[in-house]
1. What FRET efficiency comes out for residue 77 versus residue 18 if R0 is 30 angstrom and r is the Cβ-Cβ distance? Round to the nearest 0.05.
2. Between residue 30 and residue 50, what FRET efficiency follows from the Cβ-Cβ distance if R0 is 35 Å, with the result rounded to 0.05?
3. So what is the relative contact order for the stretch 2-76, in percent, with contacts set as C-alpha pairs under 8 Å and at least six apart?
4. Stokes-Einstein at 4 °C, 1.567 mPa s, Kirkwood radius from Cα pairs: D for the chain in µm² s⁻¹?
5. Quick one: if you stick a label point 7 Å off each Cα along the C-beta vector at residue 7 and residue 40, how many nm between them?
6. Ranked from highest to lowest mean number of other Cβ atoms within 10 Å per residue, what is the order of the peptides 60-68, 14-22?
């Protein structure tokens, strides 16, 4: 699970410069920063505290889903063009 989270975060981190050019960049960046914190918390808690690990995983995927939802809405409004 940590590998999947790291991979998903890495894709967004690489695209951060491009995301900063969008209209709602502040919301995107806020979610990406929180995802980084959730990922870091999950790495620290995954063997020691299972509840904290699960909370970090849930928070990460909640923010990831929010980023995808924002991207889908921007695409539907014509702000993004599919490649």
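Computed from the coordinates by the stated procedures, all read-outs in this text should not be read as laboratory data. Quick caveat: nothing in here was measured; it's all calculated off a predicted structure. Positions of Cβ are generated from backbone atoms using ideal geometry, with glycine treated the same way; all protein chains shown enter the neighbour counts.
1. Numbers: r = 17 Å, r/R0 = 0.57.
According to the calculation, E is roughly 0.95.
2. Working: r = 28 Å, r/R0 = 0.79.
Once the sixth-power term is evaluated, E becomes 0.80.
3. Working: 53 pairs, mean separation 22.0, N = 75.
Across the stretch 2-76, relative contact order equals 29 percent.
4. On the way: Rh = 13.3 Å.
D = 97 µm²/s.
5. Each label point is offset 7 Å from its Cα along the Cβ direction, giving 2.4 nm.
6. Top of the packing list down: 60-68, 14-22.
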